[in-house]
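Single-structure report; data block below.
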Amino acid sequence: MKNIIIFGAPGSGKGTYSDEIVKRYGMGHISTGDVLRAQIKAGTELGKTAKGYIDNGQLLPDSLMIDILADTYDSLPAGQGVIFDGFPRTIAQAEALKQMLAERKHDMGVMVELVVDEETLLARLLNRAIEQGRADDNEETIKKRFAVYHAQTEPLAEWFEKEGMRHTFTWKGSKEQMLGEIFAFLDTL
Ligand code: ATP
Ligand code: MG
């Protein structure tokens, strides 16, 4: 499978759909949020730094994220395709990803954009707070993450559009329907 960048607001289902895509196409998966939460759990220096930003709903510095991304990417088997989940989140990260892949003579692949209304997003994240107890899934931090998403990440959709990579899928109330539309597209690649 080609590389896939899964893109959307907090709670849009990036992790959920990534897992389904991995099951169907057998590719690698990099979730930068999961990488950072594992570092926090392990109590590393990086984890301590990450916690300060995450608990505040802020993004980590681009330079740090770009290094983490490259290291994680190089640790995966080459040639099977990778889903990038939670990266890039800024234009600088997108430019860095483009350069990193070009250096390795790998293709950027496609971008899958998940569009979900904000009322649904908030309900999902509050529900996840109960089920998974993620420290940043409280109403105050969620509001900050939405604001950061609108200011820093959403403009990236246009960047992908210009790259000819953007494929948009809109939530209409059913996971099966959304997944069916995503698979129908990915099957054509
Ligand atoms: P969801 O998991 O529901 O899609 P989310 O997108 O807010 O929600 P994660 O992708 O798990 O959650 O990211 C959690 C936090 O980790 C972010 O709010 C941010 O602080 C940090 N983070 C993750 N990826 C990046 C990145 N590429 N650049 C900067 N910070 C990041
Ligand atoms: Mg996630």
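Listed residues ALA123, ALA50, ALA129; which is part of a helix (DSSP H, G or I), farther than 29 Å from THR188 by Cα, at pLDDT below 95 and not acidic (Asp, Glu)?
Among ALA123, ALA50, ALA129, only ALA129 is part of a helix (DSSP H, G or I), farther than 29 Å from THR188 by Cα, at pLDDT below 95 and not acidic (Asp, Glu).
Residues ALA70, ALA94, ALA50: which one is open to solvent by less than 50 Å² (accessible area, probe 1.4 Å) and either within 12 Å of ligand 2 (Cβ to nearest atom) or touching a strand residue (DSSP E or B) at 6+ places or on another chain (Cβ under 9 Å) (or both)?
The unique qualifying residue is ALA94.
Can you tell me which residue in segment 1-47 is nearest to ligand 2 (Cβ to nearest atom), limited to those that are of a type in the set (Ser, Thr, Tyr) and surrounded by fewer than 20 Cβ atoms within 10 Å (Cβ to Cβ)?
Among them, the one singled out is THR16.
Scan LYS175, LYS144 and give me the residue that is closer than 22 Å to ASN56 by Cα, surrounded by fewer than 18 Cβ atoms within 10 Å (Cβ to Cβ), of a type in the set (Lys, Arg) and in contact (Cβ under 8 Å) with a residue 60 or more places away in the chain.
LYS144
Would you mind finding the one in LEU156, LEU125, LEU121 that is buried (at least 17 other Cβ atoms within 10 Å of the Cβ), farther than 15 Å from LYS14 by Cα and of a type outside the set (D, E, K, R)?
Of LEU156, LEU125, LEU121, the one residue that is buried (at least 17 other Cβ atoms within 10 Å of the Cβ), farther than 15 Å from LYS14 by Cα and of a type outside the set (D, E, K, R) is LEU156.
Scan segment 58-69 and report the pairs whose first residue is closer than 15 Å to MET100 by Cβ and in a helix (DSSP H, G or I) and whose second residue is hydroxyl-bearing (Ser, Thr, Tyr) and open to solvent by less than 50 Å² (accessible area, probe 1.4 Å), with Cβ atoms within less than 9 Å and a gap of 6+ or a chain change.
Hits for this filter: ASP62/THR90; MET65/THR32; MET65/THR90; ILE68/THR32; LEU69/THR32.
Tell me, yes or no, whether segment 25-48 has at least one residue that is under 11 Å from ILE83 (Cβ atoms), without any contact (Cβ under 8 Å) to a residue 12 or more places away in the chain and within 13 Å of the chain's Cα centre (by Cα).
no
The values are calculated or read from the model by the stated rules, or taken from the named source; none is laboratory data. This is a predicted model, so every value here is computed, not measured. Because the Cβ atoms are built from the backbone with ideal geometry, glycine has one as well, and the counts that use them run over all protein chains shown. Just the protein is used for accessible areas: all its heavy atoms, side chains included, with ligands, DNA and RNA removed. Shrake-Rupley method; radii C 1.70, N 1.55, O 1.52, S 1.80 Å.
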